[in-house]
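We did not get these values from a lab; they are worked out from the coordinates using the rules stated. Keep in mind that what you see is a predicted model, and the values were worked out from it rather than measured. Note: ideal-geometry Cβ built from the backbone for every residue, glycine included; neighbour counts use all protein chains shown.
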Ligand code: URA
């Protein structure tokens, strides 16, 4: 699903192809999620990052601010990256789906998982980002990102911590989504799970070296 990326169409933009792609994504009507979301939240980070991390979709805070991983899950991820000895600024962070999907509950906006069709349509942008950033490693955070990159061949619970081949030739490290760890904070094994996540993120390090 990442193979039909639009990258070549964006090569000739004065501010660089990633900026051109970001601008084009602002007008995206490939699915209906743009209707209720505040704005598109495109990926950000080092333009030629060696590692590209992929979440599910922007959350409430990201939707308001227009940047990926700036809410609670992002702060949790930042802490775990730091503990793993990784500088977020060396990476590129994006999402499988670029608009916030939610349902309203009174004044609150509750996250809703994107469906297969939405993930497939948004793979157009994700594939484009990967083609332009040209990372050495993808990191899939959670099931939606794993599905976007790998299809149904792997299950996060079984395969987390593994680095596997993808059909676009860039290996992918499979791990959990930081929100899942945040949600299970009260559980007895929460700290153990967090440490496991930090150890999995540590597998990025050889790919970040020159
Ligand atoms: N969760 C995600 O998957 N992505 C974000 O950008 C924020 C929260």
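Data overview
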{"item": "Computed [θ] at 222 nm, helices only, for the chain once each DSSP H run of length n ≥ 4 contributes -39500 (n - 2.57)", "result": "-11000 deg cm²/dmol"}
{"item": "Mean-position separation - Cα centroids, region 179-206 and region 66-88, in angstrom", "result": "12 Å"}
{"item": "Simple spin-label estimate for residue 195 and residue 78 in nanometres, 7 Å along Cα-Cβ", "result": "2.5 nm"}
{"item": "For region 142-193, alpha-carbon Rg and Dmax in angstrom", "result": "12.4, 39"}
{"item": "Neighbour-count ranking [beta-carbon atoms within 10 angstrom, fewest first] of 154, 92", "result": "154, 92"}
{"item": "Contact order relative to length of the chain, as percent, for alpha carbon pairs under 8 angstrom and 6 or more apart", "result": "25 percent"}
{"item": "Cut-off 14 Å (backbone N to label point 7 Å along Cα→Cβ of residue 38), residues of region 47-75", "result": "58-72"}
{"item": "Per-peptide average of other Cβ atoms within 10 Å, ordering 65-74, 98-107 highest first", "result": "65-74, 98-107"}
{"item": "Virtual spin-label span in nm between residue 185 and residue 90, 7 Å along Cα→Cβ", "result": "2.8 nm"}
{"item": "Region 66-159: relative contact order in percent, alpha carbon pairs under 8 Å with at least 6 residues between", "result": "20 percent"}
{"item": "Inter-probe distance in nm under a simple model that places probes 7 Å from Cα toward Cβ, at residue 105 and residue 134", "result": "4.6 nm"}
{"item": "Mean Cα-pair separation over length for region 29-112, i.e. relative contact order, pairs under 8 Å, 6 or more apart, %", "result": "41 percent"}
{"item": "Cα-only radius of gyration and Dmax that characterise the chain, units Å", "result": "16.2, 53"}
{"item": "Sorted by Cβ density within 10 Å, fewest first, the residues 184, 179", "result": "184, 179"}
